[in-house]
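Undergrad: Sharing a structure, written as structure tokens. Questions coming.
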Amino acid sequence: MHFRDGVHSAFQSILSHKMRSLLTLTGIVIGVLAVVTMFSSVYALKALIKNNMENMGWNFSLIVTPGSDTPDNNNTNARSSIRRAKQSIPSLNYDDYEALRDNLVLKSIYGMIESSSLFRIGNKTRNVRLRATNTEYFRNKTYKIGQGRYFNDYENENSMAVAVLGYHFAQEYFPGKKPVGEYLQLGSHRFRIVGVLAADVLASGNGMNFNTWERKEDLKAVYVPLKYGARYLGTGGTVHQVYMQAASEDAYASLKKEARQLLLSRHNMYPNFSFMDVGDFLLSITNEIDKFMKKWNITLIAIASISLIVGGIGLFSTLLISIQERMSEIGIRKSIGATETDIFFYFIFEALALAFWGAVSGVFFAWLLITIIAKAIHFPLYLPIQGVVIGMGFSLLIGFASGVYPALKAARIDPIQAIYYHE
């Protein structure tokens, strides 16, 4: 028997019983639809978590802070040498930040100096958070500019007294105004306002935000150039934190080692700095999320497969019924030379054809549903290739399994009895 003849016969049989074939396909369509949409939801959740981590600057990050990593030592001479080193070697400073920036391969880097200052408005005095940083901070945290601009490299290198206001600070103290170009007096410091940050795009968009409180506090602060802060905010040049972000997971593995070696060479081999492995922590969280998602995928597939199994039962019943209707056809085919193998494959091809068209229809309706949901929630959802492959593969497997017994039964029918079955 030729393959083409078997396929042609299968489709001819399907088209001659359109309503029955449509009802048979329903279970398979629903099963494939469930598998694909569930895969899509899981992938969308993983993408949402990953994108939020990237937007918040959390992934592959390493934070350097002042303070020794050297453990306590009971030896008196060792403690004395450590105290002398603390007195003679400067702490983490702006020059260290520049060395890290210029000598390491990084996706982004920014320094941070935390301070506070008094802000007098009317008869009231407020304590305002004043932060010195560079523009990579805003890009890393996805804080967009609402008015004016960020301070530029020239203003940073020349320690100019310019400021960018946080969105909530501007809303509270300059309601309904455009403060860009005005001057802001914070304690003994007088800054020219060059920009105002926009509202938080992560808080206003669709998705999950892991640190809403922290980001709200960020937008209540006033930001000035990092070099200005190192010179004039009373830290003696010390930078409180240096945030570094590697370009990838592989690059992150060597980033800490290279940063430590560079800082040790600049600090006479004395480690009066420490590292916070944010990247390692987040990588462990990401790995746990991936493991959970894999288990959840298995659970969802098992649930969705119930519909496919029900569809397979319907297909099994349809093929058994069709044997009775096609007795004369089976008898005639055998009488003109068709073997039991030929009859077997005729029915198997019909089962696989029904399963295939059910799977294709299920994928199409899944794509349609995913597109509608994505537009409704304003979040990108994708048709997962893995879900499509599993849905179609399992559907064909169910189709084959459902068709084996009816095909064997049809193949073993005596041709004489089949020809005179209706008489």
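Undergrad: Considering all alpha-carbon pairs of segment 313-412, what whole percent are spaced by more than 19 angstrom?
TA: 53 percent
Undergrad: Working out 0.36 nm times the residue gap between L45 and A161, then minus their Cα-Cα distance, what length gain in nm do you get to one decimal?
TA: Going from the current span to full extension adds 37.4 nm.
Undergrad: Within the set K178/K220; K141/K220; K46/K294; K141/K216; K216/K256, which residue pairs have Cα atoms separated by over 20 Å?
TA: K216/K256
Undergrad: Considering amide H positions built from the backbone, and no H for Pro or chain starts, which residues 5 or more places from S274, or on another chain, come under 5 Å of its amide H?
TA: Hits under the 5 Å cutoff: T65, G67.
Undergrad: Which ³J(HN,Hα) values in Hz, rounded to whole numbers, follow from the phi angles of segment 169-180 under the Karplus curve 6.51 cos²θ - 1.76 cosθ + 1.60, where θ = phi - 60° and Gly and Pro get x?
TA: 5, 5, 5, 7, 9, 10, x, x, 10, 10, x, 4
Undergrad: Sort H378, H240 by Cβ crowding within 10 Å, fewest neighbours at the top.
TA: Ranking H378, H240 by Cβ neighbours within 10 Å, fewest first, gives H378, H240.
Undergrad: On to the next question. Just to be sure I understand the model, the point goes 7 Å from the Cα along the line to the Cβ. What's the resulting E217 to D95 distance in nm?
TA: Taking the simple label geometry, E217 and D95 are separated by 3.3 nm.
Undergrad: Then there is this: In what order do Y223, Y173 fall by count of nearby beta-carbon atoms within 10 Å, going from fewest to most?
TA: In increasing order of surrounding Cβ atoms, one gets Y173, Y223.
Undergrad: If you rank D250, D342, D277 by fewest surrounding Cβ atoms within 10 Å, what's the result?
TA: Arranged by neighbour count, lowest to highest, D250, D342, D277 become D250, D277, D342.
Undergrad: Next question. Would you calculate the convex hull of the Cα atoms in segment 330-386 and tell me its volume per residue in Å³?
TA: So the per-residue hull volume is 76 Å³.
Undergrad: Take the Cβ-Cβ distance between V404 and K294 as r, set R0 to 30 Å, and report the resulting FRET efficiency rounded to the nearest 0.05.
TA: Here the calculated transfer efficiency is 0.40.
Undergrad: Under 12 Å Cα-Cα from K144, which aspartates and glutamates qualify once same-chain neighbours fewer than 8 residues away are excluded?
TA: Partners within reach: E136, D200.
Rule-based calculations on the coordinates, nothing more; no lab input. The structure displayed is predicted, hence computed values, not measured ones. Note: ideal-geometry Cβ built from the backbone for every residue, glycine included; neighbour counts use all protein chains shown.
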